[in-house]
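Below is one structure, written out as structure tokens; the observations come after it.
The values are calculated or read from the model by the stated rules, or taken from the named source; none is laboratory data. Owing to the predicted nature of the structure, the values given are computational and were not obtained by experimental measurement. Cβ sites come from the backbone with ideal geometry, for glycine too, and all protein chains shown count toward neighbours.
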Amino acid sequence: MTKRLAAVIDIGAITARIKIFEINAKGKPKEIEAVRKFTGLGLRSYKSGVIMPEQVDELCKCLKMFDMKCREYGVSKVFCVATSAFRDASNAEVVIEKVRTRTGFKIRVLDNSMERYYQSVAVQAIYPEFNKMIESGTMMLDIGSGSVQASVYDKSEFVFSQNLVLGSLRISGMLADLENRTTHYDDVLEEFIAQDLDDYHAVEPKGITYKNLIAFSGEMGFIKRLAGYDAMSSCILTKDEFMKTYDYLLKTRPTDLTLHDNIPSTISPLLLPTALIIKNMMEYTNVDSIYMPHASLSDGIIYYYCTKHLGLKTAIDPDGYILSAARHLAKRYRCDKKHIEFVEKIALNIFDATKKASGLGDRDRLLLQVSVILHEVGKFVHARGHSDAAYSVISYTNLMGLNSDELHMCAMVVRLYPRNDPYDSYYYSILPSDQKVIVSKLCSILRIADALDASHKEKAKKISYALKDDKFVINCESSQDMTFESWAFEHRCGLFEDVMGIRPVLKSRREI
């Protein structure tokens, strides 16, 4: 395979940037040029709720410049994404179409989960020792312009992630008028940030001893520069080094940062809110230093693409953390671990054995696995209406790595699988047509997999699967009576036959 060129255009709340990567024969990307232009989309969209026509004009000029850069290099593949400024704009769809017709770029708006997921992929790619780091308590703090994502790792697992509406630009904009009302602006700012962080600490998993804090943001390069480090490098700041930089930001007005430290006027008001968030989390985790990687959303997108499509081998499976987070959520809601593991294995085996007939893909397999892991979380809330309760739990959970449509499909699978005829459900009727097909097929697999452990006693042993003509035969042995499971299977197999076009048959025999 010859080397190829790919580009990622990231339209953020403050800047738009393009990164051009060279991808070698092994699928590993290497950055060869990066260009950034200040657009300030979020400076007004967070307040007004819309992207103004003059901002669209400015963005289109920027994208045309990026297009020239792509043509200059002969880039073969371009990813164009936008984040919180577009997510929060009520006219985002109209703006996307305007941009497409004027520049040819089709902007994909990332929801918060996917934006943070790609950022975490970038950090993991930068640190070869990441696997070693997360053996102990590690917090990853992704400080965006519109919000903050705090993700927790421990014992080599992804444990928890929570989004807080505490972005540096949003904080600065909300509190701008307070700066003129008080001589203790920094105290007011700290109170404002601490209030939301207290809400985070209330839901964060307890009992974790933190050893590492990883913090990054769009403004972090300027904080590193003020601390005496190269803005474009990955570095580790000691607690003393960070506090000196924090104290300097506390005493220095944004206008002076622009005049004396050559920090752009659009960035300078954001540094103190960013530093305050880090300071608060540093005190909470009680760590002695902070990892500050030079990692960007663009890096994460290109690394994910190379891993999934070009055979790049990485130490960490990005999708593994989605499953780890789902398992921790199931544990929090006191699900029957043995039952989940048993049903999960059966469901995945059924999926693999019928993959050609179902037409489902690898991503659908992941959605099935997440659905199985979470199919009983609602029982903690309501024993009789557990599927509806589970839908609510899953819908309001931040499973970093699943976009909003994927998370909703998992929630719908869990909501509909116990129903004899999910087609009659109002919730099914309002699904987009393409999602109806996937949800109904995943529901059908979960229904018969769950039926094989209807008693929660894991009776079935030596299970085998065979696809023969229009029948899907499941053979198993058991030393216990399988009457209940056989009855449950018969009552739950109709949907599978309907959506797959294959009749499932269970054959059980006494284990000798």
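Worth pointing out:
- Ser392 falls short on exactly one of the conditions (1) more than 22 Å from the chain's Cα centre (by Cα); (2) within 17 Å of Tyr333 (Cβ to Cβ), and that condition is (1).
- Long-range neighbours under 7 Å by Cβ, at least six apart or interchain, first residue under 15 Å from Lys251 (Cβ atoms) within the range 270-281, second among the acidic types (Asp, Glu): Leu271/Glu219; Leu276/Glu190
- Candidates Ala122, Ala92: the one that is among the hydrophobic types (A, V, I, L, M, F, W, C), touching a helix residue (DSSP H, G or I) at 6+ places or on another chain (Cβ under 6 Å) and either at pLDDT 95 or above or surrounded by fewer than 19 Cβ atoms within 10 Å (Cβ to Cβ) (or both) is Ala92.
- The residue that is nearest to Ser136 (Cα to Cα), among those in the range 237-288 that are of a type in the set (Val, Ile, Thr) and loosely packed, with under 13 Cβ neighbours inside 10 Å, is Thr238.
- Within the range 392-403, the set of residues being modelled with pLDDT under 90 and either among the small types (Gly, Ala, Ser) or outside any loop (DSSP other than H, G, I, E, B) (or both) comprises just one member, Gly401.
- Within the set Glu33, Glu58, the sole residue that is modelled with pLDDT of 90 or more, in a strand (DSSP E or B) and either acidic (Asp, Glu) or surrounded by 15 or more Cβ atoms within 10 Å (Cβ to Cβ) (or both) turns out to be Glu33.
- Options Asp424, Asp470, Asp434: the member that is of a type in the set (Asp, Glu) and in contact (Cβ under 8 Å) with a residue 24 or more places away in the chain: Asp470
- Leu329 being part of a helix (DSSP H, G or I), assigned by TED's automatic domain parsing to the domain that holds Ile502 and either surrounded by fewer than 19 Cβ atoms within 10 Å (Cβ to Cβ) or at pLDDT below 95 (or both): yes
- Residue check, Met114 within 14 Å of the chain's Cα centre (by Cα) and part of a helix (DSSP H, G or I): yes
- Only residues that are touching a Phe, Trp or Tyr at 6+ places or on another chain (Cβ under 9 Å) and within 24 Å of Ile11 (Cα to Cα) were counted in the range 275-305, giving 15.
- Single unsatisfied condition, Tyr248 versus (1) part of a loop (DSSP other than H, G, I, E, B); (2) free of Cβ contacts under 8 Å to residues at least 60 places away in the same chain: (1)
- Residue pairs meeting the criteria (Cβ under 8 Å; at least 6 apart or on separate chains; first of a type in the set (D, E, K, R), in the range 373-398; second part of a loop (DSSP other than H, G, I, E, B)): Glu376/Tyr333; Glu376/Cys335; Glu376/Asp336; Lys379/Tyr333; Lys379/Cys335; Asp388/His382
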